[in-house]
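Participant: Sending over a structure as structure tokens; questions will come in a sec.
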């Protein structure tokens with residue numbers, strides 16, 4: 001298992017998103033990964049701890065999710081958090097296909113996404 005370096009480009013909170021998911025977009029030198037997770041209230045914090053290559057073309061993205069304080073007074077409204085990550089293509093080796101699984105700190109699979117790297 002190998003740890004993959006990444007950069008968090010931004011985090012977005014919204015109230016209408018179309019559901020959870022992982023999207024992968026190819027850029028010239030990088031791959032951008034958007035992770036969208038649904039929460040039942042706006043008080044959650046979400047970050048990425050690490051990205052690990054599990055085997056040749058399968059990667060796990062480990063999220064760190066912090067719930068709001070138990071005595072917080074918050075609206076009960078569906079909220080979506082989106083984290084946009086950037087990974088250099090050179091760090092993914094020279095693969096033409098890859099799969100990302102998003103896991104939480106308890107190692108549970110949350111959502112997953114796949115992508116193809118196309119030759120330029």
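The values are calculated or read from the model by the stated rules, or taken from the named source; none is laboratory data. None of these values were measured; they are calculated from a predicted model. Positions of Cβ are backbone-derived with ideal geometry, glycine not excepted, and every protein chain shown enters the neighbour counts.
Participant: Need pairs with beta-carbon distance below 8 Å; first residue under 16 Å from residue 62 (Cα atoms) and within the range 93-106, second modelled with pLDDT under 70 and loosely packed, with under 12 Cβ neighbours inside 10 Å; sequence gap 6+ or separate chains.
Facilitator: 101/109; 102/109; 103/109
Participant: On to the next question. Applying the selection to the range 45-65, what residues are over 15 Å from the mean Cα position of the chain (by Cα) and in contact (Cβ under 8 Å) with a residue 12 or more places away in the chain?
Facilitator: 54, 56, 57
Participant: In this structure, is residue 53 over 11 Å from residue 80 (Cα atoms) and in contact with a strand residue (DSSP E or B) (Cβ under 9 Å, 6 or more places away or on another chain)?
Facilitator: So residue 53 fits the description; yes.
Participant: Moving on. Just to be sure I understand the filter: pairs with C-beta atoms under 9 Å, separated by 6 or more residues or on different chains, first member in the range 66-89 and without any contact (Cβ under 8 Å) to a residue 24 or more places away in the chain, second member outside any strand (DSSP E or B) and surrounded by 12 or more Cβ atoms within 10 Å (Cβ to Cβ). Which pairs pass?
Facilitator: Pairs found: 66/44.
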